[in-house]
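See below for the structure under consideration.
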Amino acid sequence: MENGHAKYRVAVIGSGNWGSVASRLIASNTAKLPSFYDEVRMWVFEEILPTGKKLSESINEENENCKYLPGIKLGANVIADPDLESAVKDANMLVFVTPHQFVEGICKKLVGKLRPGAEAISLIKGMEVKMEGPCMISKLIADTLGINCCVLMGANIANEIAVEMFSEATIGYRKDKEVANRWANLFTTPYFLVSVAEDIEGVELCGTLKNIVAIAAGLVDGLDMGNNTKAAIMRIGLREMRAFSKLLFPSVRDNTFFESCGVADLITTCRMYLHCNQLTIKQINTEK
Ligand SMILES: NC(=O)c1ccc[n+]([C@@H]2O[C@H](COP(=O)([O-])OP(=O)(O)OC[C@H]3O[C@@H](n4cnc5c(N)ncnc54)[C@H](O)[C@@H]3O)[C@@H](O)[C@H]2O)c1
């Protein structure tokens with residue numbers, strides 16, 4: 001508490017491409033906003049660089065993640081920490097941004113190690129499929145750690161946000177709008193516009209299911225089937241995303257699919273596949 005007002009401390013769990021960009025975005029706000037402590041601790045899964053140096057040491061010396069976000073300064077208030085427990089111990093706002101397959105193991109290590117009242121948000125796209133059925137990543141975090149967990153999804157190619165090109169994002173929350181607004185404050189900048197939606201499952205499923213549609217869109221590109229077919233794949237795909245989401249969670253709202261997490265992320269991801277395809281085709285032609 002400071003002057004009778006709660007003050008929040010942020011830790012970012014993950015330091016890949018999106019983790020580094022998210023830390024930079026957050027740190028630019030914590031340095032300015034009085035309701036947050038300046039410092040942002042970023043947990044780094046330790047790696048040894050080809051130079052023999054540890055990645056976490058290199059980040060702290062250069063203020064740059066030379067492996068996952070080269071050429072971009074993160075902000076002097078971003079501190080890389082390879083010790084998971086130490087990275088989170090003082091934080092009451094936890095940002096999860098690792099590839100989905102590592103989340104369960106990370107959460108198990110964090111049980112009993114968090115500050116009371118800590119809140120989480122997941123920027124992770126994907127889901128766990130267990131014997132009992134699909135399990136959303138936010139639920140995995142919430143259930144394992146016994147904390148509330150929102151999600152942030154959207155048309156968010158990290159490298160574009162790193163150079164401050166304009167993007168939108170959607171925060172999905174359950175019930176507590178005040179908490180969702182606090183996350184929105186933490187992430188919003190003039191080039192990163194965040195809205196909130198009371199539909200956590202809908203927002204998170206959008207970020208997961210769009211990848212399946214984008215694979216189909218990539219096949220259309222690869223087979224040179226044309227723009228009209230690709231648009232049809234995207235339209236029908238979006239409709240199927242909605243139908244599948246509602247089958248899993250009847251509470252999912254139609255409007256969610258018109259937010260950044262829905263149609264916008266689908267378009268961006270399908271365009272990205274086009275770009276990757278063009279690169280592959282160029283590579284094949286060069287190798288011929
Ligand atoms: N990159 C993007 O543009 C983008 C945009 C939106 C959402 N996302 C989502 O963000 C999440 C993280 O993606 P990213 O692009 O930051 O990752 P990335 O592929 O750039 O990096 C992978 C990260 O995983 C770490 N790692 C490797 N082995 C590990 C282990 N055993 N345990 C824990 N961590 C380990 C690596 O050190 C690295 O930090 C993903 O769920 C992705 O879907 C990414």
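The values are calculated or read from the model by the stated rules, or taken from the named source; none is laboratory data. In this text, all values refer to a predicted model and were calculated from it rather than measured experimentally. Cβ coordinates were reconstructed from backbone atoms using ideal geometry, including for glycine residues, and neighbour counts include every protein chain displayed. Heads up: the accessible areas ignore ligands, DNA and RNA and are worked out on the full protein's heavy atoms, side chains in. Shrake-Rupley method; radii C 1.70, N 1.55, O 1.52, S 1.80 Å.
Rolling a 1.4 Å probe over the protein heavy atoms gives the chain an accessible area of 50 Å² per residue. Paramagnetic label reach from Asp254 (point 7 Å along Cα→Cβ; backbone nitrogen cut-off under 19 Å): within the stretch 197-226, residues 197-203, 206. Over the Cα atoms of the stretch 1-133, each weighted equally, I'd like the Debye log10 I(q)/I(0) at q = 0.19, 0.20 Å⁻¹, rounded to two decimals. Calculated log10 I(q)/I(0) at the listed q: -1.08, -1.17. Protection proxy ranking, highest mean first, for peptides 159-172, 224-237: 159-172, 224-237, where packing is the per-residue count of other beta-carbon atoms within 10 Å, averaged. Only Cα pairs under 8 Å and 6+ residues apart enter the sum, and on that basis the relative contact order of the chain stands at 14 percent. Close amide-amide hydrogen proximity is noted between Met42 and Val12, Ile79, Ala80, Asp81, each under 5 Å apart and 5 or more residues distant or on a separate chain (H modeled in the peptide plane; Pro and chain starts excluded).
Quick one: pull the percent of accessible area on the chain belonging to carbon and sulfur, 1.4 Å probe, ligands and nucleic acids left out. Heavy-atom surface of the chain belonging to carbon and sulfur, 1.4 Å probe: 56 percent. Residues in the stretch 180-191 carry Karplus couplings, in order, of 4, 5, 5, 5, 4, 4, 5, 9, 5, 9, x, 9 Hz; the curve used is 6.51 cos²θ - 1.76 cosθ + 1.60 with θ = phi - 60°, and Gly or Pro positions show x.
Just checking the listed ones, Thr256, Thr189, Thr51: in the Gaussian network model of the chain with Cα springs under 10 Å, the one fluctuating most is Thr51. Cross-link pairs exceeding 26 Å in C-alpha to C-alpha distance, out of Lys7/Lys177; Lys175/Lys246; Lys108/Lys210; Lys73/Lys177; Lys113/Lys139; Lys53/Lys113, comprise Lys108/Lys210; Lys73/Lys177; Lys53/Lys113. The slack in the chain from Glu128 to Glu104, taken as 0.36 nm per residue of separation less the alpha-carbon distance, amounts to 7.7 nm. Under a plain spin-label model, where a point goes 7 Å from the Cα along Cα-to-Cβ, how far apart in nm are Ala243 and Glu168? My value for the distance between the label points is 2.6 nm.
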